[in-house]
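Everything below concerns the one structure shown next.
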Amino acid sequence: MKKDIHPKAYRLVVFKDMSNEEMFITKSAASSKETITVDGVEYPLLKLEISNTSHPFYTGKMKLVDTAGRVDKFMNRYKDHFNKKK
């Protein structure tokens, strides 16, 4: 393996799925300005829009997760195109 290509700043961080509030702790080198306290220990917090706890592939539920309104924006932008295809 090549030397010095991996970050040396690995530390425990909390990843929080914002669609269902699930959290998990793992090592990461990603930077974060927010922190969260879990079981009396303060960790850097990284927010996720979707994770394995909310993704339809892993949950088996066909629920559309659209936290940023992207589907609505797409449909509004291209509604004329879809209406002409009829």
* Taking a threshold of 29 Å on the Cα-Cα distance, which of the pairs 47/79; 27/73; 47/73; 33/79 fall above it? -> 47/79; 27/73; 33/79
* So how much slack lies between residue 46 and residue 26, counting 0.36 nm per residue of separation and subtracting their Cα-Cα distance, in nm? -> 6.1 nm
* To do: Just flag the chymotrypsin sites (Phe, Trp or Tyr not before Pro) in region 1-42 sitting in loop per DSSP whose Cβ has no more than 12 other Cβ atoms within 10 Å.
  => 10
* Residues 5, 50 arranged by fewest to most Cβ contacts within 10 Å -> 5, 50
* Structure fact -> Quick note on 12, 48, ordering by fewest other C-beta atoms within 10 Å, gives 12, 48
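Values in this text are rule-based calculations from the coordinates and carry no lab data. None of the values given here were measured: they were computed from a predicted structure. All Cβ positions, glycine included, derive from the backbone under ideal geometry; neighbour counts span all protein chains shown.
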